[in-house]
Amino acid sequence: MPVSILYYALFVIALGAALMVVLSRNTVYSAAFLILTMLCLAGIFLLMHQEFVAAIQVIVYAGAIMVLFLFVIMLLNLREREILLPDFRSLRIWVVLLVLVFFVQVGATCFIVLRQMRDVYPPELPPDTIPLIAKTLLTKYLLPFELVSVLLVIAIIGAAMIARHDEPAEHSDSS
Amino acid sequence: MPLRNYPNWGLLVMLELFLISAIKIAFVVGVALGAMPFVVLFERKLLGWIQVRPGPNRVGPWGLLQCIVDGIKLFFKEEIIPDQADKPLYLLAPALVVIPAFLVLAIIPFGPTVHVLGRDINMSVTDLNIGILFFFAIASLGVYGIVIAGWSSNNKYSLLGAMRSSAQMLSYEISLGLSVVGVLLLAGTFDLRTIAEQQAGGFWHWYIFQQPLGFVLFLAAGFAETNRLPFDLPEAETELTGGYHTEYSSMKFAMFFISEYINIMTMSAIVTTLYLGGWTAPIEHGLLPPWLAGPLWFGAKVFVLIFFFILIRGTWPRLRYDQLMAFGWKIVLPLALANIILTACLVALDSPWWVFCLAGLAVIFVIDRIVTMLRRSTLRAA
């Protein structure tokens, strides 16, 4: 029983924090609430006995990506009134399309997960899931794993190329 | 550790688990908090001797009470909250620094499994099967306290310190994580207790001898992660008047101070567990019962590392910001990757331990030569 109470508490906090991400007027608060959401998700993973996934969730999302977010927010140091929202009207078609894709994705995921949960619940897992994850990742899902790595490398190179544009000016400043 | 068993356990077992955990937590936190003032005093004394001055020697014999007096002073100091500060986050930040520092203490195994009243009790608050990953997860959260403190203070020095620290800790976290993979490849587990047990039976079993390169890299990244000299750019008193905690006074400042020293202790403890055999004795002896010898050896090794931390602080200059980034991304990170490949190959070839040792030392030597040569050539060019 106490475990399921924890589940619900984490769900509620995660959803509440996610809502606050959107509703906060201050971007730093938004980022802080997003961190809270990530941590709650990690807690939910932990309660599902996925210790490895929980740790990775904290290390990658809460610990690395969100620090970058905060870094950028602080670097720009936007105050409440200075936040300029882009004009979404010209992008209307894309917005609709993306929302559709999002809902299809969520629906499909829910469908698959719920079907699996009906088959085996609670799922039978070995006491230590880390070797299992390692084995599946490097055998069955090796190709997707490598492709995702390549995608990430491409993204990094792209970001570096975009950032390079105004580097010469910066150099003359610092030296 | 086995969270999954909770629902099946009876109330008594729960109570027993709760009691044992409470005692362990009290012990670990007590030791850490109790040792912290003496680490501070020791640091000030040692720095004094390095700089040819006596260090604190006014309060109590040999200045022993100095840290207690300092603590009392911090308690009674006026608390000032800047007018333009973002109050909720400003008040939250010290807690965000202290909590991760203490959380990591939970996974450190400081002694073997002992039998007390017919029970097997592990000498650590908890043993996680993701042990070292938990450390990285919590360490990666430690930066938030600093970043939020710096931002919410509404002070340019604080903000600069916070930005330096977020960039620095992000950069070195990657190296920290990668440099430990060598040990994980050898150990085949994330569990810190198992890693320590594998190094039992004499100091030649310690992973430092199989992973000299990994040890050096981990230590360097660890220094950066704990914001210690030569990587103390987030504080940098001479440049930033204290950096991210400039605007904090009284006990809030003390919390930053405490967490810095707790971080040094936990980092030393993690290095001890990973590379220096944890609580195991360098040479097997039966002089003391294991429940006493284990924590004593562990404490001694941690003390040596803390000594090293202080020695570095007393003798090394602070890196410049670009040097810090260049060192992290161009030296530590590639070497950590090289160490992984090297270790993986040697593990696959099933090499004896001295091959690991020689290979690691050879890489260190070659890199040292290359860096020295490059530095000489740039000096000559300048």
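The values are calculated or read from the model by the stated rules, or taken from the named source; none is laboratory data. Source: prediction; values computed, not measured. Cβ coordinates were reconstructed from backbone atoms using ideal geometry, including for glycine residues, and neighbour counts include every protein chain displayed. Surface areas here come from the heavy atoms of the whole protein model, side chains and all, with no ligands, DNA or RNA. Shrake-Rupley method; radii C 1.70, N 1.55, O 1.52, S 1.80 Å.
For B:LEU170, which of the numbered conditions (1) open to solvent by 20 Å² or more (accessible area, probe 1.4 Å); (2) under 18 Å from the mean Cα position of the chain (by Cα); (3) more than 8 Å from chain A (Cβ to nearest Cβ) fails to hold?
That leaves (3) as the condition not met.
Tell me which helices (runs of 4 or more DSSP H) are completely within segment A:85-175 and hold 2 or more residues being modelled with pLDDT of 80 or more, or say none if there are none.
A:92-119, A:129-138, A:142-164
Somewhere in segment B:330-341, is a residue open to solvent by 50 Å² or more (accessible area, probe 1.4 Å), among the hydrophobic types (A, V, I, L, M, F, W, C) and more than 19 Å from B:LEU229 (Cα to Cα)?
Taking every residue of segment B:330-341 in turn, at least one turns out to be open to solvent by 50 Å² or more (accessible area, probe 1.4 Å), among the hydrophobic types (A, V, I, L, M, F, W, C) and more than 19 Å from B:LEU229 (Cα to Cα).
For segment B:142-167, name all the residues that are open to solvent by 30 Å² or more (accessible area, probe 1.4 Å) and within 12 Å of chain A (Cβ to nearest Cβ).
Residues satisfying the conditions are B:ASN154, B:LYS156, B:LEU159, B:LEU160, B:MET163, B:ARG164.
Name the pairs: first residue in segment B:64-93 and under 20 Å from B:LYS45 (Cα atoms) and open to solvent by 90 Å² or more (accessible area, probe 1.4 Å), second residue at pLDDT 85 or above and in a helix (DSSP H, G or I), Cβ to Cβ under 8 Å, at least 6 apart or on different chains?
none
Out of curiosity, is B:ASN227 under 20 Å from the mean Cα position of the chain (by Cα) and in contact (Cβ under 8 Å) with a residue 60 or more places away in the chain?
Yes: the conditions hold for B:ASN227.
Okay, residues lined up against (1) of a type in the set (Lys, Arg); (2) over 19 Å from B:VAL28 (Cα atoms); (3) surrounded by fewer than 16 Cβ atoms within 10 Å (Cβ to Cβ):
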site: B:MET255; (1), (2), (3): no, no, no
site: B:SER268; (1), (2), (3): no, no, no
site: B:PRO282; (1), (2), (3): no, yes, yes
site: B:ALA293; (1), (2), (3): no, no, no
site: B:ARG318; (1), (2), (3): yes, yes, no
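Given the criterion open to solvent by less than 50 Å² (accessible area, probe 1.4 Å) and either over 18 Å from B:VAL271 (Cα atoms) or of a type in the set (Asp, Glu) (or both), identify the matching residue among B:PHE365, B:PHE298, B:PHE356.
Answer to the selection: B:PHE356.
Is there a residue in segment B:60-83 that is of a type in the set (A, V, I, L, M, F, W, C) and either touching a Cys at 6+ places or on another chain (Cβ under 8 Å) or within 14 Å of chain A (Cβ to nearest Cβ) (or both)?
There is no residue in segment B:60-83 that is of a type in the set (A, V, I, L, M, F, W, C) and either touching a Cys at 6+ places or on another chain (Cβ under 8 Å) or within 14 Å of chain A (Cβ to nearest Cβ) (or both).
One residue is enough: does segment B:113-132 have a residue meeting the conditions over 30 Å from B:TRP297 (Cβ atoms) and either assigned to a helix (DSSP H, G or I) or away from chain A (no Cβ under 14 Å) (or both)?
Within segment B:113-132 (the criterion being over 30 Å from B:TRP297 (Cβ atoms) and either assigned to a helix (DSSP H, G or I) or away from chain A (no Cβ under 14 Å) (or both)), the answer is no, since none of the residues qualifies.
What number of residues in segment A:39-59 are open to solvent by less than 30 Å² (accessible area, probe 1.4 Å) and not acidic (Asp, Glu)?
Summing the residues that are open to solvent by less than 30 Å² (accessible area, probe 1.4 Å) and not acidic (Asp, Glu) in segment A:39-59 gives 9.
Please enumerate the residues belonging to segment B:47-58 that are β-branched (Val, Ile, Thr) and either under 30 Å from A:VAL28 (Cβ atoms) or exposed (fewer than 14 other Cβ atoms within 10 Å of the Cβ) (or both).
The one that is β-branched (Val, Ile, Thr) and either under 30 Å from A:VAL28 (Cβ atoms) or exposed (fewer than 14 other Cβ atoms within 10 Å of the Cβ) (or both): B:VAL52.
Any residue in segment B:41-53 that is away from chain A (no Cβ under 14 Å), outside any helix (DSSP H, G or I) and without any contact (Cβ under 8 Å) to a residue 24 or more places away in the chain?
yes
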